[in-house]
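One structure below.
The values are calculated or read from the model by the stated rules, or taken from the named source; none is laboratory data. Keep in mind that what you see is a predicted model, and the values were worked out from it rather than measured. Neighbour counts run over all protein chains shown; Cβ positions are idealised from the backbone, glycine included. Keep in mind that these areas ignore ligands, DNA and RNA; they rest on the heavy atoms of the full protein, side chains included. Shrake-Rupley method; radii C 1.70, N 1.55, O 1.52, S 1.80 Å.
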Amino acid sequence: MQYISTRGGMPAANFSTILLAGLAPDGGLAVPTIYPEFNWQHKLSSKYIDYGVLSAEIINLYAPEIPFSELKNITKKVYSKCNFNSDEITPLKFLDDDNAILELSNGPTYAFKDIALQLLGELFSRQLKNENRQLNILGATSGDTGSSAEYAMRGRENINIFMLSPLGRMSAFQKAQMYSLQDKNIFNLAVCGVFDECQNIVKFLAQDLEFKKQANLGAVNSINWARICAQIVYYFYGYINAVAHGWDKNKISFVVPSGNFGNVLAGHVARQMGLPINRLIVATNENNVLEECINTGVYRPRKASDVEATSSPSMDISAASNFERYVFDLQNRDPDKHRVLWNKLSTEGSIDFKSENLFEKINNSDKYPHLAMSAGKSSHQHRIKTIAEIWKKNKRLIDPHTADAFVVGAQKRKNSEKLIFLETAQPVKFAETIFEAVGFKPELPSKVSDLLSLPQNVVEVGVDANEIKKFILKNI
Ligand SMILES: *Cc1c(COP(=O)(O)O)cnc(C)c1O
C-alpha cells in the first residue's frame, strides 16, 4: 500500500512515512493509491464484533508494514472498556424502527476526536521509538481537538505537546479538561487573543523551517491520514450492527455533523471499500461552506473573519481541509487534473463544480451512489428546539453538534430510509446550550465529578510567535 499526494508532487511512500508528516511537500494531502475492499459480509455471521479486532483488520489494509499481531495489540489496547466506557466502544443505540445513534463520544474527553487521536498517540509513539527520535507537537485549539490530543499524548516519553488556546474563550469544562493535566510533557499556552490568532501563530512557526528542524516540530491536525483511517472503522461497525438488528441493508444512511470534513470523508472511504451505505448526509451549522457546495455546486471557503461563532463551535470552519481528498476522487483520482482545479481555487477563491462537469457526481446519489453526498444546514434555534424534542420524546440528551445532525436528518429523510446519527460529543461539554434547551444542566459523569475544582496548569502568553518560539525551545 502506497500513498501519493492529491497534487502529484510527492514520491510514493508507505503509511509509516506519511504518519508523522503533515501536508505533502507540494501542499496536497496524502491519499492511498487505491481503496482496498473489505469483506464486511463476513462479519455478519459472527455473534459479536470486537471493535479492536475490526479496527486492526481495516487499518492493516492501509498499513500492511505494521505486523498484524502488533497492530492488533495496539488497537485492542486503545479500544478498551477502560478508555471508552463499554466493550462496544461505539455502541449503536436504536431510538425507534428508523433511527439510531452511533455513540462516538465515550472516550476520555467526550468527543469523537478521541477515537482517532487515542490511536494516533500509540502509532506516533511506536514510530518515534523505531526511528529513535523525539517529536514536539505544536497545535491550536478552540476546544475539542486540543484536549483530545493532550489526552492521547500525555505521559509519552518521546512526545511533548504545546497547545495554544484563546484565553477566556473556551467553556469552563473544556478549560478544566486541558489545564488540569499535570503531565510534564504537556504545555498549555493561553494566548491573549482569539482562536484564529492562535492558528496563525502555528502556521507562521510551521513555515519557519530552521525552527521546525531545530525543535523537531510536528502536528496532529485533521488532515492526518491515520486519523481518517481510524474513523473508517465505526462506519463498518455501525452499519454491520444495524443489519444484524434487522435493518434493510440497502436503506441505511449516515447523518454526520461536519466541519473539516474528516468524519464524513471516512464514511466516503468506507463506501469506496465496499460498504453499501445508502446516503451520506452532511450536516453543517450556520458556517455552511459544505452545505452550499453540495447543494449549489460552488465551493467557496470564507475569510476567517466571516466565520460565525455558533453554539456548535467545533463545526465553525472557514474551509473544509479534508474536502480536497473527496474532490480528488471526483476527478477519477487524477493528480494532474486535480492540481489544475485546486490552483483555480487559490487564484479565484472558489470553484464552480457545475462548469467542471462534476456537480452531478456530488449531487446525484441515484447515478453516483459511491460518490454523491446530501447536505443540509442547521441554526441555533433549530438546534435548541431539537435538543428539547429529543429529550421529551426519547429521554435522551444530545449535544449541539449531534442536534445539527438530527435537524438535517429531519429535513432530508426519504421514505423508508433508516438513519444512523453520529454522536460527536457529549452534552456535558456544552452545558450552557443544553440549559437553554431543556432548563437544566447535564450532570458531570462520576469519573470527572471533581474536574472543575482541580488545580490548573496554564501559561499566559501574548499574540507573539517569538515569545512562543522561545518558550518551546526552553522547554524541550
Ligand atoms: C471536530 C468535531 C466535529 C467536526 O468533525 P469534522 O471531522 O471536522 O467534520 C463535529 N462535532 C464535534 C463535537 C467535533 O469535535
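Worth pointing out:
- Taking the numbered list (1) closer than 25 Å to PHE112 by Cα; (2) touching a residue at least 60 places away in the same chain (Cβ under 8 Å); (3) of a type outside the set (Gly, Ala, Ser) in turn, ASN475 passes all entries but (1).
- Beta carbons closer than 6 Å, at least 6 apart along the sequence or on distinct chains, never pair a first residue in region 237-250 that is on the phi > 0 side of the Ramachandran plot with a second that is among the small types (Gly, Ala, Ser) and in a helix (DSSP H, G or I).
- Criterion violated by ARG396 - all others in (1) open to solvent by 70 Å² or more (accessible area, probe 1.4 Å); (2) not in a helix (DSSP H, G or I) satisfied: (1)
- Here SER378, SER374 are screened, and the one residue that is closer than 30 Å to PHE435 by Cα, surrounded by 18 or more Cβ atoms within 10 Å (Cβ to Cβ) and within 16 Å of the ligand (Cβ to nearest atom) is SER378.
- Taking region 284-350 as the region of interest, the helices (runs of 4 or more DSSP H) fully inside it that hold 3 or more residues being touching a residue at least 40 places away in the same chain (Cβ under 8 Å) and within 15 Å of the ligand (Cβ to nearest atom) are 289-296, 323-330.
- Set side by side, the residues LEU454, LEU444 differ, and just one is more than 19 Å from LYS113 (Cα to Cα), under 26 Å from the mean Cα position of the chain (by Cα) and hydrophobic (A, V, I, L, M, F, W, C), which is LEU444.
- Among the residues of region 145-160, just one is modelled with pLDDT under 95, within 16 Å of the ligand (Cβ to nearest atom) and open to solvent by 10 Å² or more (accessible area, probe 1.4 Å), namely THR145.
- Check on PHE236, open to solvent by 60 Å² or more (accessible area, probe 1.4 Å), more than 13 Å from the ligand (Cβ to nearest atom) and not in a loop (DSSP other than H, G, I, E, B): no
- Scan of region 117-137 for residues that are outside any loop (DSSP other than H, G, I, E, B), in contact with a strand residue (DSSP E or B) (Cβ under 8 Å, 6 or more places away or on another chain) and open to solvent by 10 Å² or more (accessible area, probe 1.4 Å), ordered by number: SER125
- With a requirement of 3 or more residues that are modelled with pLDDT of 95 or more, open to solvent by less than 70 Å² (accessible area, probe 1.4 Å) and more than 16 Å from the ligand (Cβ to nearest atom), the helices (runs of 4 or more DSSP H) lying completely within region 35-116 that satisfy it span 51-62, 68-78.
- Residue identified as in contact (Cβ under 8 Å) with a residue 12 or more places away in the chain, of a type outside the set (Asp, Glu) and buried (at least 23 other Cβ atoms within 10 Å of the Cβ) among SER165, SER171, SER180: SER165
- Total residues in region 248-271, condition more than 22 Å from ASN295 (Cα to Cα), away from the ligand (no atom under 16 Å from the Cβ) and buried (at least 19 other Cβ atoms within 10 Å of the Cβ): 0
- Checking each residue in region 313-340 for being crowded, with 18+ Cβ neighbours inside 10 Å, over 15 Å from SER222 (Cβ atoms) and among the hydrophobic types (A, V, I, L, M, F, W, C) picks out VAL327, PHE328, LEU330.
- Filtered residues of region 42-66 (kept if free of Cβ contacts under 8 Å to residues at least 40 places away in the same chain and closer than 18 Å to GLU88 by Cβ): SER46, LYS47, TYR48, ASP50, GLY52, VAL53, ALA56, GLU57
- Scan of region 183-201 for residues that are open to solvent by less than 30 Å² (accessible area, probe 1.4 Å) and in a helix (DSSP H, G or I), ordered by number: CYS198, ILE201
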